[in-house]
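Read through the structure below, which is laid out as structure tokens, and then see the notes.
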């Protein structure tokens, strides 16, 4: 078994992925393949109104830390809105969703541990085509053990 080495991702480095949604993009900082599948982390820039899928992860916990703007989270049945400094924990197998409910662009740092669910974001960044079809999204979700539960309730 090989030992995982520590490393530093300098400011502005990492893998940049522009979403098909104008103004939305991902800066991938820690990839599962680089951390022995321990952690996957990225910063996401979200224009007002941007919303996640209503979903859960079967194999990973998720953390979101709001860096700028206002994000509303639904975790289980609890709905909470917060600005910069707000930190949300979304445990595996618990339904959750989030939405930029503010009037300005938000930035959120997302982390998956273990890194398994983050593979969805990594694979999406590697895919160079336009928007996903529903069938393609469902295949990605199944591969990385996400379960889409319906439309975003926020």
* Over the chain, what is the mean sequence separation of C-alpha contacts under 8 Å (at least six apart), divided by residue count, expressed as relative contact order in percent? -> 27
* Protection proxy ranking, peptides 111-117, 24-30, 131-137, average beta carbon neighbours within 10 Å, highest first -> 111-117, 24-30, 131-137
* Could you work out the helix-only [θ] at 222 nm for the chain, with each DSSP H run of four or more residues adding -39,500 (n - 2.57) and the total divided by the number of residues, to the nearest 500 deg cm²/dmol? -> -3500 deg cm²/dmol
* Asked: Short version: what are the Cα gyration tensor semi-axes of the stretch 37-125, square root of 5 times each eigenvalue, largest first, in whole Å?
  -> 20, 15, 11
* Asked: To two decimal places, what compactness ratio does the chain give when its Cα radius of gyration is scaled by 2.2 N^0.38 Å?
  -> 1.00
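Values quoted throughout were computed directly from the atomic coordinates according to the rules given, and no laboratory measurement underlies them. Everything quoted here is computed from the prediction, not taken from an experiment. Every residue, glycine as well, gets a Cβ built from its backbone with ideal geometry; the counts of neighbours run over all protein chains shown.
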